[in-house]
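Heads up, the thing below is written out as structure tokens.
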């Protein structure tokens with residue numbers, strides 16, 4: 001019974017008029033209820049024959065080729081399909097094919113973009129020039145700065161794929177520097193010297209590339225050097241930053257002006273400065289002991305290769321036996337001769353005879369060593385004094401005996417050097433070997449020793 005009541009109530013609710021407060025319906029209107037159907041939007045009418053269904057395609061820097069269902073003269077009718085392409089040097093961005101849709105629009109958006117290559121980087125020590133910038137077919141030619149050589153591609157072209165052909169070149173410094181040495185020269189040696197002071201300017205060096213010279217090497221003497229006689233080669237080598245090098249050379253010839261070689265005078269010798277016969281050299285003349293020089297003491301080699309003055313001569317010294325003192329007699333031989341005094345009680349003395357024989361056989365050796373023999377023999381008033389072929393007076397004999405302490409009672413030999421000094425005494429005859437050995441070891445001057453060392457013994 002309860003269920004039945006609920007069903008009836010539901011039916012009544014369905015049949016009862018729908019009236020809600022604020023619904024917009026009045027009770028009267030609900031009695032005349034109408035059904036209103038919302039109008040569905042109408043589908044546009046597709047006209048495949050309309051000549052301009054879509055707007056006309058226009059592709060700047062490109063071409064459009066359209067194919068319409070209505071024929072070749074229709075380019076924008078519904079369903080028309082167009083193929084798009086770009087001019088040379090341009091790239092197509094978007095679809096290559098579009099179709100005119102029912103929405104009166106084309107199925108895609110497409111445009112042509114100019115193909116560009118990237119800007120080429122700067123070329124160190126060089127440059128490039130492009131015909132049309134960075135566009136397709138633009139050709140860029142490379143050149144290097146003076147002194148540089150290009151390695152790699154000399155030109156590159158912008159291709160259709162937006163890339164440059166070839167590879168980037170480089171400019172390298174392969175050219176050596178330019179170097180010029182000063183001219184060769186001749187120089188005359190300075191007076192009294194065998195060398196010449198020679199100066200010259202440094203070489204002129206220039207790098208053909210960046211102008212930078214890293215090092216200049218000298219092989220040979222420095223400028224301002226004293227160069228000896230002969231030809232000297234001076235070489236310079238220059239290096240640039242790329243280690244390229246270049247060399248040049250020149251010669252310096254030093255000449256010595258010379259006079260004829262002088263010959264020493266007979267019974268004399270000469271000593272010369274420098275080389276002996278070069279310009280400015282001075283030669284001094286000396287005579288052997290027992291000889292006096294007659295003429296100039298020295299001569300100079302002149303610039304005209306001639307000697308000044310004339311050759312002096314050496315003549316035997318004049319012994320003066322007429323002096324009145326032993327000192328005056330000895331002074332005649334100062335720095336000229338050595339003296340050997342032979343004293344004997346009488347001419348028959350056996351030691352005297354033996355010594356006289358030894359000295360006569362050693363005449364050459366005595367002369368070679370500048371030794372003069374003085375004999376004091378006998379007793380007054382018959383005492384004899386001799387030097388070479390000259391006779392000494394009794395007065396001089398006595399004074400010499402007193403000065404040299406020579407006794408008449410026994411045989412004796414006294415050796416006097418060139419300075420008048422008593423150097424050695426003998427109470428018995430002395431052999432020539434012993435006498436010469438003593439002189440050679442103790443009495444020769446440096447000049448005499450040098451002459452003896454450079455000359456042969458004429459007594460052999």
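The values are calculated or read from the model by the stated rules, or taken from the named source; none is laboratory data. Predicted model only: the values in this text are computed from it and were never measured. Cβ sites come from the backbone with ideal geometry, for glycine too, and all protein chains shown count toward neighbours.
Quick test for you: out of 177, 146, 191, pick the one residue that is in contact (Cβ under 8 Å) with a residue 60 or more places away in the chain, under 40 Å from the mean Cα position of the chain (by Cα) and more than 24 Å from residue 237 (Cβ to Cβ).
Step by step, each of 177, 146, 191 is checked, and only 191 is in contact (Cβ under 8 Å) with a residue 60 or more places away in the chain, under 40 Å from the mean Cα position of the chain (by Cα) and more than 24 Å from residue 237 (Cβ to Cβ).
Just the residues that are in contact with a strand residue (DSSP E or B) (Cβ under 7 Å, 6 or more places away or on another chain) and more than 30 Å from residue 215 (Cα to Cα), please, taken from the range 146-184.
154, 155, 156, 157, 158, 162, 164, 165, 166
Kindly check whether there is at least one residue in the range 325-348 that is in contact with a helix residue (DSSP H, G or I) (Cβ under 7 Å, 6 or more places away or on another chain), exposed (fewer than 14 other Cβ atoms within 10 Å of the Cβ) and either over 20 Å from residue 389 (Cα atoms) or touching a residue at least 40 places away in the same chain (Cβ under 8 Å) (or both).
Looking through the range 325-348, at least one residue is in contact with a helix residue (DSSP H, G or I) (Cβ under 7 Å, 6 or more places away or on another chain), exposed (fewer than 14 other Cβ atoms within 10 Å of the Cβ) and either over 20 Å from residue 389 (Cα atoms) or touching a residue at least 40 places away in the same chain (Cβ under 8 Å) (or both).
Look at residue 103 and say whether it is without any contact (Cβ under 8 Å) to a residue 60 or more places away in the chain and part of a loop (DSSP other than H, G, I, E, B).
Values: without any contact (Cβ under 8 Å) to a residue 60 or more places away in the chain: yes; part of a loop (DSSP other than H, G, I, E, B): yes.
Spelling it out, residue 103 is indeed without any contact (Cβ under 8 Å) to a residue 60 or more places away in the chain and part of a loop (DSSP other than H, G, I, E, B).
How many residues, within the range 70-93, are surrounded by 13 or more Cβ atoms within 10 Å (Cβ to Cβ) and either in a loop (DSSP other than H, G, I, E, B) or in contact with a helix residue (DSSP H, G or I) (Cβ under 8 Å, 6 or more places away or on another chain) (or both)?
Residues meeting the conditions: 8.
When the range 304-321 is examined, which residues are found to be more than 22 Å from residue 451 (Cα to Cα) and either part of a strand (DSSP E or B) or touching a residue at least 60 places away in the same chain (Cβ under 8 Å) (or both)?
Hits for the range 304-321 are 307, 319, 321.
Got a number for residues in the range 295-313 being surrounded by fewer than 16 Cβ atoms within 10 Å (Cβ to Cβ) and under 44 Å from the mean Cα position of the chain (by Cα)?
So the count comes out to 5.
Only helices (runs of 4 or more DSSP H) wholly contained in the range 329-444 count here; list those with 1 or more residues that are closer than 19 Å to residue 319 by Cβ.
Where helices (runs of 4 or more DSSP H) fall fully within the range 329-444 and carry at least 1 residues being closer than 19 Å to residue 319 by Cβ, they are 350-361, 363-368, 394-404.
Hey, could you check the range 113-136 for residues that are under 38 Å from the mean Cα position of the chain (by Cα) and outside any strand (DSSP E or B) and say which is farthest from residue 167 (Cα to Cα)?
The residue in question is 125.
I'd like to check something: does the range 273-287 contain any residue that is under 29 Å from residue 332 (Cα atoms) and touching a helix residue (DSSP H, G or I) at 6+ places or on another chain (Cβ under 7 Å)?
Checked the range 273-287: no residue is under 29 Å from residue 332 (Cα atoms) and touching a helix residue (DSSP H, G or I) at 6+ places or on another chain (Cβ under 7 Å).
If you check residue 334 against the conditions, is it over 22 Å from residue 458 (Cβ atoms), more than 60 Å from the chain's Cα centre (by Cα) and modelled with pLDDT under 95?
Yes: the conditions hold for residue 334.
I'd like to check something: does the range 129-140 contain any residue that is free of Cβ contacts under 8 Å to residues at least 40 places away in the same chain, under 30 Å from residue 243 (Cβ atoms) and surrounded by 13 or more Cβ atoms within 10 Å (Cβ to Cβ)?
no
Strands (runs of 3 or more DSSP E) wholly in the range 142-200 with at least 2 residues that are closer than 30 Å to residue 252 by Cβ - which ones?
178-180, 185-188, 195-198
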